[in-house]
Each structure stands twice: as C-alpha cells, then as structure tokens.
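Here is the structure we will look at.
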Amino acid sequence: IHMLVQENNFDEMPAFVALGARLGADHIYFSHLVNWGTFSEEECARRSIHRPSHPRHGELRAMLRHPSLQDPRVDLGNLSEVARTPV
C-alpha cells in the first residue's frame with residue numbers, strides 16, 4: 001500500500017502502518033508530494049511538509065523517527081532523504 005505524505009496527513013503515518021499490518025500488506029510505501037501541475041506553487045508549498053522551508057518540517061522529521069516506521073515492511077521512498085538529513 002502507498003501513502004502520499006503531505007502537511008494535512010503526515011501525522012497519520014503510524015496509523016497507516018497499522019492499517020497495512022491489519023491488511024497483511026507486505027510493503028508499506030510512503031512518498032512525499034510532487035507537484036505534477038496539480039497545485040499552484042503556493043498551494044504546493046503549503047502542502048509540501050518535506051521541504052525544509054515548511055514551518056512544520058521539524059514535526060515531519062520527528063514523525064519519521066516514530067517506532068512504527070521501523071517496521072521492516074515500511075519503505076520511506078523519497079522521504080528517506082528527509083529522514084537521513086542531519087538535524
């Protein structure tokens with residue numbers, strides 16, 4: 001299963017892992033928002049919590065350390081870079 005992580009749902013990542021476990025998913029994939037022309041630049045910036053300039057970016061970084069995200073089925077996809085970046 002796959003979750004697109006953005007400002008309005010990043011706090012649901014542990015619950016998504018739990019959902020994947022309940023469904024028997026063998027792969028729980030997360031990725032950050034990429035603007036394919038869907039949003040204006042302003043709207044995309046507001047949603048893109050993975051960007052260091054986002055006011056809640058630190059909250060996402062803390063979430064990426066949540067114990068449930070250490071499950072071997074979890075793949076942080078393009079959020080892996082955010083998780084690895086030194087504080």
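Within region 24-46, track down each residue that is within 18 Å of E81 (Cα to Cα), of a type outside the set (G, A, S) and either surrounded by 14 or more Cβ atoms within 10 Å (Cβ to Cβ) or at pLDDT 95 or above (or both). I28, Y29, F30, H32, L33 - these are the residues of region 24-46 that are within 18 Å of E81 (Cα to Cα), of a type outside the set (G, A, S) and either surrounded by 14 or more Cβ atoms within 10 Å (Cβ to Cβ) or at pLDDT 95 or above (or both). Just one of (1) open to solvent by 60 Å² or more (accessible area, probe 1.4 Å); (2) on the phi > 0 side of the Ramachandran plot fails for G77. It is (1). Quick check on A21: is it surrounded by fewer than 17 Cβ atoms within 10 Å (Cβ to Cβ), of a type outside the set (D, E, K, R) and touching a residue at least 12 places away in the same chain (Cβ under 8 Å)? For A21, the condition - surrounded by fewer than 17 Cβ atoms within 10 Å (Cβ to Cβ), of a type outside the set (D, E, K, R) and touching a residue at least 12 places away in the same chain (Cβ under 8 Å) - is met.
If only residues of region 2-18 that are open to solvent by 60 Å² or more (accessible area, probe 1.4 Å) and either among the aromatic types (F, W, Y) or touching a residue at least 12 places away in the same chain (Cβ under 8 Å) (or both) are counted, the one that is farthest from H54 (Cα to Cα) is H2.
Restricting region 28-67 to residues that are of a type in the set (A, V, I, L, M, F, W, C), assigned to a loop (DSSP other than H, G, I, E, B) and closer than 12 Å to V5 by Cβ, the residue that is farthest from the chain's Cα centre (by Cα) is V34. Going residue by residue through region 48-56, is there one that turns out to be of a type in the set (K, R), touching a residue at least 24 places away in the same chain (Cβ under 8 Å) and open to solvent by less than 90 Å² (accessible area, probe 1.4 Å)? Yes. Does Q70 satisfy the criteria of being within 14 Å of the chain's Cα centre (by Cα) and either free of Cβ contacts under 8 Å to residues at least 24 places away in the same chain or loosely packed, with under 13 Cβ neighbours inside 10 Å (or both)? Yes; evaluated as a whole, the condition is true for this residue.
The values are calculated or read from the model by the stated rules, or taken from the named source; none is laboratory data. If you're wondering where the values come from, they're calculated on a predicted model, not measured in any experiment. Backbone-built Cβ (ideal geometry, glycine too); neighbour counts: all protein chains shown. For the accessible areas, the whole protein counts, side chains as well, though only heavy atoms, and no ligand, DNA or RNA atoms are used. Shrake-Rupley method; radii C 1.70, N 1.55, O 1.52, S 1.80 Å.
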